[in-house]
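K.L.:
Please see the structure below; I have some questions.
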Amino acid sequence: MKFNIKNSFINQLPADSKTENSRRQVKEACYSFVSPKKTSNPKLIHISPEVLEILGLTAEDANTEEFLNIFTGNKILDNTKPYAMCYGGHQFGHWAGQLGDGRAINLFEVEHNNTNWKLQLKGAGETPYSRSADGLAVLRSSIREYLCSEAMHYLGIPTTRALSLALTGDQVLRDKLYDGNLEYEKGAIVCRVSQSFLRFGNFEILSARQDFKTLKTLVDYTINTHYAFLGKPSKDVYLKFFNEVANRSLDMVMHWQRVGFVHGVMNTDNMSILGQTIDYGPYGWLEGYEPSWTPNTTDAQHKRYRYGAQVDVVHWNLFQLANALYPLVNEAEGFEAILGYFGEQKIERYKAMMRSKLGLQLKDEKDAILIQELEDCLQLTETDFTIFFRLLADFESEKYAEGFQLISEAFYTPKIITEAIKTRWNLWFLSYAERLKRETISAKARKKQMNSINPKYVLRNYMAQLAIDDANKGDYCLIDELYNLLKQPYAEQPEHEKWFAKRPEWARHKVGCSMLSCSS
Ligand code: AMP
Ligand code: MG
């Protein structure tokens, strides 16, 4: 196995001068050197063939003892120096100080096809940033991250990738529901892959500590490495950089809204500087359309990170990033203009996204009303978000009176639907049919366009949970089945039709299916 190894991050950025693995505040540095913990009986459960390929590796490479040892923490390649990054963050609206890679260890960089990839083990043991925790990850949360990050990629959503999922052979103690019931679970490690794992929090911590020298070094590195097309770092380019991060973050969150993905913990330490979806914890997928829904039980009271708030949260998080970058520019106007524009764009982009979900190509002033009415209708009775939009692609304007019947499979409790609800829906279908008449593309072309952005298959929480239950018993077939299913989320895949279904009733209140804590 041959990697084209690079160490640009550690070569260009300042390291923590201490090298012992003890919890501490790390100043004037971007990371600390630390080795992964040895694992007792590692076993690979799944490997992503496509991620292997982007790294220039083959299936034969992955089938070696060396591969197993590297990606479970038991072997450190020559000329590599694993490290954990220092970052801070705003958690649930409050500045939390230093956080950092508490259980993620970056192994090395691989350059292939002119792209530089960072490879990182999640769950590989303690680091200087582990605070009071153990640096480990359990199998259930690792399966969730592994499957979902790849699924997001195939949905066309910017995300970190996952190369491998492995058992460590070690036991990990967890309080799954934060209710005092500790249990041993199987330990696991995911190898994540991205061009950068930098978060808003990497910049915030340096600014909060008024370490503007390191801040400038890190921002310049980020621009030169990931945003070089903006030009050489300068005050003007810092603003352009911020603008680019804002645009990418808006793109990302619009995709989330489009597919019904709820991240669950949108703290600034979980916001990627590349605008990628990062840190898959207590995330979930909308089943019944419900803007106030969050899968994260830790956030059940205030629902700060609910589906309907995600775009605003990105905006809020960008304010924090602007504050962090401000000392490099020392003028607020530029940041304010970008943030103000984001405020306008988030409304426009949302409308455009919903229009595309409805198969509307042209702009119409009254679309906002059509969209609002639809959102209201979707909440009259529990209505599956994914199934609704997929069925809607078959709507025919001439047969608008059949619209209600067409989408009725999306209703969770069809028996209790009143005449009043049906009337509201019929009115909406009538407006939709009228609106479609102004479109110029054929019904067939519209269906194709809608089905290319309204997924048929998403990783519903109960699906991940079924794979987890099997895996805990040593059966990994479902992981592979879901992995393959979710590679083509927009395709019909008739052989997989059973996954085009509403959440089953047994999953409604089951832990892992409707309720998830941050324990992982
Ligand atoms: P999160 O919001 O879950 O992504 O993580 C918040 C912070 O907690 C980050 O600094 C993580 O590295 C850290 N963290 C989460 N789980 C663990 C763990 N088991 N051991 C050490 N640090 C952890
Ligand atoms: Mg995190």
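The numbers here are math on the coordinates, done by the rules we state, and not lab data. Because the structure is predicted, anything quoted here is derived from the model rather than measured. Cβ placement follows ideal geometry from the backbone for every residue including glycine, while neighbour counts extend to all protein chains displayed.
K.L.:
If you take the square roots of the eigenvalues of the alpha-carbon gyration tensor of segment 5-197 and sort them as a ≥ b ≥ c, do you get rounded (a/c under 1.5), prolate (a/b over b/c) or oblate?
P.N.:
rounded
K.L.:
Sticking with this one: Summing +1 for each Lys or Arg and -1 for each Asp or Glu, what net charge is found among the other residues whose Cβ lies under 14 Å from the Cβ of A166?
P.N.:
In short, +3.
K.L.:
List the residues whose amide H sits under 5 Å from the amide H of T159, counting only those 5 or more places along or on another chain, with H placed 1.01 Å from N in the peptide plane.
P.N.:
Close amide H contacts, sequence-distant or interchain: T277.
K.L.:
Rounded to the nearest Å, what's the spacing between the alpha carbon centres of segment 456-516 and segment 74-124? Just the number, please.
P.N.:
29 Å
K.L.:
Here's another thing I want to ask about it. Treating segment 301-368 as a set of equal point scatterers at the Cα positions, no solvent, please give the Debye-formula log₁₀ I(q)/I(0) at q = 0.17, 0.18, 0.19 Å⁻¹.
P.N.:
Treating every Cα as an identical point scatterer, log10 I(q)/I(0) equals -0.76, -0.81, -0.85.
K.L.:
Got a sec to turn the phi values of segment 83-99 into Karplus ³J(HN,Hα) couplings, 6.51 cos²θ - 1.76 cosθ + 1.60 with θ = phi - 60°, whole Hz, x for Gly and Pro?
P.N.:
With coefficients 6.51, -1.76 and 1.60, one gets 8, 10, 8, 9, 8, x, x, 8, 9, 6, x, 10, 5, 10, x, 6, 10 Hz.
K.L.:
Can I ask one more? In whole Hz, what ³J(HN,Hα) sequence does segment 36-53 give by Karplus (6.51, -1.76, 1.60; θ = phi - 60°), x for Gly and Pro?
P.N.:
Calculated HN-Hα couplings, in order: x, 6, 5, 9, 7, 8, x, 8, 7, 9, 7, 10, 8, x, 6, 6, 3, 5 Hz.
K.L.:
Hey, what number do you get for the chain at 222 nm if only DSSP H runs of n ≥ 4 count, each worth -39500 (n - 2.57), divided across all residues, to the nearest 500?
P.N.:
That calculation yields -12000 deg cm²/dmol at 222 nm.
K.L.:
Name the long-range amide H neighbours of F108: under 5 Å, sequence gap of 5 or more, or other chain; modelled H, no Pro or chain starts.
P.N.:
L119
K.L.:
Antiparallel DSSP bridges in the chain: what percent, to the nearest 5?
P.N.:
About 90 percent, rounded to the nearest 5.
K.L.:
Pick out the long, greasy-scoring helices in the chain: whole DSSP H runs spanning 30 Å or more along their own axis by Cα, mean Kyte-Doolittle at least -1.0.
P.N.:
Helix filter hits for the chain: 235-259, 332-357.
K.L.:
Taking amide H positions as placed in the peptide plane 1.01 Å from N, state which residues far from I45 in sequence (5 or more) or on other chains have amide H under 5 Å from it.
P.N.:
L165, A166, L167
K.L.:
Size of the chain along its principal axes in angstrom, Cα-based, largest extent first?
P.N.:
Projected onto its principal axes, the Cα set of the chain covers 71, 58, 46 Å.
K.L.:
Which ³J(HN,Hα) values in Hz, rounded to whole numbers, follow from the phi angles of segment 490-497 under the Karplus curve 6.51 cos²θ - 1.76 cosθ + 1.60, where θ = phi - 60° and Gly and Pro get x?
P.N.:
Calculated HN-Hα couplings, in order: 9, 7, 5, 6, x, 5, 10, 3 Hz.
K.L.:
Another question, if that's okay. Using the Cα gyration tensor of segment 461-507, with a ≥ b ≥ c the square roots of its eigenvalues, what is the shape: rounded (a/c below 1.5), prolate (a/b larger than b/c) or oblate (neither)?
P.N.:
Verdict is oblate for segment 461-507.
K.L.:
May I pose another question? Using a ≥ b ≥ c from the Cα gyration tensor of segment 409-512 (square roots of the eigenvalues), is it rounded, prolate or oblate, where a/c under 1.5 gives rounded and otherwise the larger of a/b and b/c decides, a/b for prolate?
P.N.:
Since a/c reaches 1.5 but b/c is at least a/b, the shape of segment 409-512 is classed as oblate.
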